[in-house]
């Protein structure tokens, strides 16, 4: 790899890195609101919020990486053209293929990274995110519900007479919620399992 190839790659990688960072921050900030609302609503900790957001990074990286590659190349070659560096390279004996070849190699590397991201990392991180959502909602629910106490969670009032086994079998269940269409809804049951 020549000095000029490294120079061209450096010109593309700077805006590309900045674009990935900005895109990830913007996309994660948008999702952070709903994650914080979910975790705080179920009385979770701030560490859980960061853990859940980290599970979303591969998903958003799959969106940000191709866009960042495009913007990196666009900015690099427009700056090289504006500063007449492309003309200087042509005058120095570099052809169009030689000027584009470093970006082709970069595209191959990004394509391989994107394939690995989409085929392996995204499914695992998506599963981990959903498992974390399930754990936050269920673990918090089980820790909030206590025997012979009224507890209101997300607009629904719960009361359980007895809690058996590992805390997932309830006896003497009472639920009350307000439905805009049907009014007050009251459910009772002898037993139930979460």
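No value in this document is a laboratory result; all are computed from the given coordinates. All figures in this text were calculated on a predicted structure; none of them were measured in a lab. Cβ coordinates were reconstructed from backbone atoms using ideal geometry, including for glycine residues, and neighbour counts include every protein chain displayed.
The table for this structure:
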item: Degrees separating the helix 122-144 axis from the principal Cα axis of the chain, which is the longest one; result: 30
item: The chain: Rg to Rh, with Rh as the Kirkwood radius over Cα pairs; result: 1.28
item: Extension reserve of the residue 130-residue 5 stretch, reckoned as 0.36 nm per residue once the Cα distance is removed; result: 40.7 nm
item: All Cα pairs of the stretch 33-85, percent lying beyond 16 Å; result: 60
item: C-alpha long axis of helix 3-41 to longest principal axis of the chain, angle in °; result: 10
item: Rounded if a/c under 1.5, otherwise prolate or oblate - the stretch 55-115, Cα gyration tensor axes; result: oblate
item: Sequence-separation-based contact order of the stretch 150-193, relative, with Cα cut under 8 Å and 6+ spacing, percent; result: 32
item: Degrees, to the nearest 10: 96-116 long Cα axis against longest axis of the chain; result: 20
item: Cα pair distances of the stretch 150-193 binned at 10 Å [whole percent]; result: 28, 49, 20, 3
item: Mean Cα-pair separation over length for the chain, i.e. relative contact order, pairs under 8 Å, 6 or more apart, %; result: 18
item: Computed [θ] at 222 nm, deg cm²/dmol, the chain (DSSP H ≥ 4; -39,500 (n - 2.57); rounded to nearest 500); result: -23000 deg cm²/dmol
item: Burial order of peptide ranges 97-104, 58-65 (average beta-carbon count within 10 Å, highest first); result: 58-65, 97-104
